[in-house]
1. If neighbour count is taken as other Cβ atoms inside 10 Å, put Ile53, Ile65 in order from fewest to most.
2. Between Ser42, Ser28, Ser99, where does the largest GNM mean-square fluctuation fall for the chain, given springs only between Cα atoms within less than 10 Å?
3. Using only the alpha-carbon atoms, how far is helix 78-87 inclined from the longest principal axis of the chain? Give it as 0 to 90 degrees, nearest 10.
4. Please identify every one of the GluC sites (Glu not before Pro) in the stretch 34-87 that sits in a loop by DSSP and has no more than 16 other beta carbons within 10 Å of its own beta carbon.
5. For the pair Ser42 and Lys118, how long in nm is the line joining their label points, each one 7 Å along Cα→Cβ?
6. Excluding same-chain residues fewer than 8 positions from Lys24, which lysines have a Cα within less than 19 Å of its Cα?
7. In nm, to one decimal, how far is the modelled label at Cys51 from the one at Phe101, with both set 7 Å along Cα→Cβ?
8. Rounded to two decimal places and with Rh computed the Kirkwood way over Cα pairs, what is Rg over Rh for the chain?
Amino acid sequence: MFDPCHLILREKKEGSRKQPYFIKMKNSGLFAMAGVWDSWKSPEGKAIETCSIITTEANGIVGKIHDRMPAIIPRENYGRWLASSQNGHHFLEFLKPYSPFNMISYEVSGMVNNPKNKGPGCVKKV
C-alpha cells in the first residue's frame, strides 16, 4: 500500500476518457498538504470531526492536468504552518503553488480507479 503523502493522483479528461496521472516529489519524499480541522456538535448533539485539504492554483506540473492543487507546505515550514493555525499569522503565505521544479508527473494505468487494486502497478508509468 502507498502512503498518500507520497503522491497525488489526478485525472485529466481527454474526450470522454479520463487519464489518471501520478504526481510526486522528484526525490520521492514525503510532503504535507495544508488543511484545516474542526470538531463541532451537530444539532442533535453528536460530536462531528471534519477536515479539508486547502487548494491553490496549479503550478506548471499540475496545471497540465487540473487548474488547482493542494497547497503543499515545505518541510522547513511545518512548525510555522501549525503555529499559524493557532494565531492566524503567516497563514496566507503558504497558500500558493508549490515549486514545479521539485515535482514530476506521468500517466498511469486506469487500474488506479478501482480501490480493490493495490500495489506498484497502480503507479507504474504507462
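What follows draws every value from the coordinates through simple rules; no lab data is involved. Not measured: the values here are computed from a predicted model. Please note: Cβ atoms are built from the backbone with ideal geometry, for glycine as well, and neighbour counts cover all protein chains shown.
1. The most exposed by this proxy come first: Ile53, Ile65.
2. Highest fluctuation of the listed residues: Ser42.
3. Relative to the chain, helix 78-87 is tipped by roughly 40 degrees.
4. Glu44
5. Taking the two extended label points, one gets 3.0 nm.
6. Within the straight-line cut-off, Lys24 pairs with Lys12, Lys64, Lys96, Lys118, Lys124, Lys125.
7. 3.1
8. Using only Cα positions, Rg/Rh for the chain is 1.03.
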